[in-house]
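Report on one structure; see the data block that follows.
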Amino acid sequence: MLYRFLFAVIVISVPGLSGLSQTGQTPEAVSPLGVSFYSMPDEKGEVAEAEKRLTADPENLEMIIALGRAQASVWRYRDAIATYTRGIEKRPGEAMLYRHRGHRYISTRQFDKAITDLERAASLNDKNFDIWYHLGLAYYLEGEFAKAATAYEKCRAVAEKDDSLIAVSDWLYMTYRRQNKPYEAARVLERITPDLKVEENHSYFARLLFYKGLKKETDLMTDQMSDLDIATVGYGMGNWHLYNGNTARAKEIFEKIVSGKYWPAFGFISAETELARMRDKK
């Protein structure tokens with residue numbers, strides 16, 4: 001497992017960012033590298049408003065999920081998990097509650113619990129894109145690449161929009177490359193063309209075009225990148241170097257990612273797991 005720690009907990013003083021500590025605050029998560037992460041202030045009062053609406057209609061599934069999402073929007077993932085747990089107690093057969101709680105177990109680096117929840121969600125609803133997507137990621141983060149590929153294939157089969165196809169194709173391509181299956185990885189790229197309609201997943205799309213040889217690394221990795229872009233684009237680039245044998249460059253990129261601030265990003269979490277694996281192989 002990945003939860004043996006290499007570094008001491010790092011504490012800095014900017015609210016909501018990696019390593020931050022507010023007086024008396026409990027970490028939302030502790031990384032495989034021993035870094036504690038904390039929530040942000042609810043400056044817009046969205047959590048309080050969602051709590052108010054749920055109090056007025058406590059059995060409403062949409063209100064339960066809305067509160068969990070509001071809590072997650074300010075990185076209060078432990079509270080979100082508790083909210084979804086209360087919802088599951090009320091509605092134990094509702095797939096989306098397990099899907100959302102599983103996602104937040106990923107955010108808090110509890111991958112085994114995420115897999116349990118997301119497998120349960122898939123057993124209740126095997127046609128939902130988000131369930132398969134997050135289950136694939138949970139397997140991937142645990143290094144169970146064969147299971148991840150199966151989940152991502154099922155996810156791709158139910159993708160309805162180009163944006164969805166782009167997101168799952170990126171992770172599926174990387175998964176096959178990690179299994180040393182270049183033929184299967186190349187087949188994934190066959191459905192990726194420059195004319196796909198991209199609304200949100202621009203970073204994933206750029207990575208896929210790079211894999212196809214239509215973009216260069218310098219096109220993707222620029223000095224103007226946000227912390228989220230560094231995590232998202234950077235992980236794909238680091239991973240590409242890793243499965244092509246350039247471990248030193250991969251490690252350099254992964255370390256750049258985890259020095260950033262956007263700790264809930266999937267690329268950030270993935271970079272942590274790669275660094276932990278590299279450490280454990282020594």
* To do: State whether one or more residues within the range 211-223 are closer than 21 Å to Glu274 by Cα, of a type in the set (A, V, I, L, M) and surrounded by 22 or more Cβ atoms within 10 Å (Cβ to Cβ).
  => no
* From the residues in the range 135-187 that are under 18 Å from Thr273 (Cβ atoms) and of a type in the set (Gly, Ala, Ser), which one is surrounded by the fewest Cβ atoms within 10 Å (Cβ to Cβ)? -> Ala146
* **Answer from Thr218, Thr175, Thr222, Thr232 - the residue that is free of Cβ contacts under 8 Å to residues at least 12 places away in the same chain and assigned to a helix (DSSP H, G or I)** => Thr218
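Select from the range 24-51 the residues that are of a type in the set (S, T, N, Q) and surrounded by 15 or more Cβ atoms within 10 Å (Cβ to Cβ) and list them in ascending order.
Initial filter on the range 24-51 (of a type in the set (S, T, N, Q)): 25-26, 31, 36, 39.
Result: Ser31, Ser36, Ser39.
Residues checked against (1) in contact with a His (Cβ under 9 Å, 6 or more places away or on another chain); (2) within 25 Å of Gly236 (Cβ to Cβ):
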site: Met96; (1), (2): no, no
site: Ser107; (1), (2): no, yes
site: Asp130; (1), (2): yes, yes
site: Gly136; (1), (2): no, yes
site: Phe145; (1), (2): no, yes
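Matching residues to (1) within 12 Å of the chain's Cα centre (by Cα); (2) more than 21 Å from Trp263 (Cβ to Cβ); (3) modelled with pLDDT of 95 or more:
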| site | (1), (2), (3) |
| --- | --- |
| Phe111 | yes, no, yes |
| Thr116 | no, yes, yes |
| Lys127 | no, yes, yes |
| Trp132 | no, yes, yes |
| Ala138 | yes, no, yes |
| Gly143 | no, no, yes |
| Ala146 | no, yes, yes |
| Leu165 | no, yes, yes |
* Asked: Could you count how many residues in the range 179-198 are assigned to a helix (DSSP H, G or I) and either touching a residue at least 40 places away in the same chain (Cβ under 8 Å) or among the hydrophobic types (A, V, I, L, M, F, W, C) (or both)?
  -> 4
* Structure fact -> In the range 58-74, anything under 18 Å from the mean Cα position of the chain (by Cα) and assigned to a helix (DSSP H, G or I) is listed as Gly68, Arg69, Ala70, Gln71, Ala72, Ser73
* To do: Tell me which of these Tyr262 doesn't satisfy, since it passes every other one: (1) at pLDDT 95 or above; (2) assigned to a helix (DSSP H, G or I).
  => (2)
* Tally time: how many residues in the range 75-106 are crowded, with 18+ Cβ neighbours inside 10 Å and not in a helix (DSSP H, G or I)? -> 3
* To do: List every residue pair whose Cβ atoms lie under 6 Å apart, where the two residues are 6 or more positions apart in sequence or sit on different chains, the first residue falls within the range 104-125 and is assigned by TED's automatic domain parsing to the domain that holds Gly68, and the second residue, located anywhere, is in a helix (DSSP H, G or I) and among the hydroxyl-bearing types (Ser, Thr, Tyr).
  => Arg104/Tyr77; Ser107/Tyr77; Thr108/Tyr77; Lys113/Tyr105; Ala114/Tyr105; Asp117/Tyr98; Arg120/Tyr98; Ala121/Tyr98
* **Qualifying positions in the range 31-54 - without any contact (Cβ under 8 Å) to a residue 60 or more places away in the chain and outside any helix (DSSP H, G or I)** => Gly34, Ser36, Tyr38, Ser39, Met40, Pro41, Asp42, Glu43, Lys44, Gly45
* Close pairs (7 angstrom Cβ cut-off, 6 or more residues apart or separate chains): on the phi > 0 side of the Ramachandran plot in the range 258-282, outside any loop (DSSP other than H, G, I, E, B) anywhere -> none
* Asked: Counting only residues that are among the small types (Gly, Ala, Ser) and touching a helix residue (DSSP H, G or I) at 6+ places or on another chain (Cβ under 6 Å), how many does the range 186-210 have?
  -> 2
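The values are calculated or read from the model by the stated rules, or taken from the named source; none is laboratory data. Worth saying up front: this structure is predicted, and the values here are computed from it rather than measured. Here the Cβ is made from the backbone with ideal geometry for all residues, glycine too, and neighbour counts use every protein chain on show.
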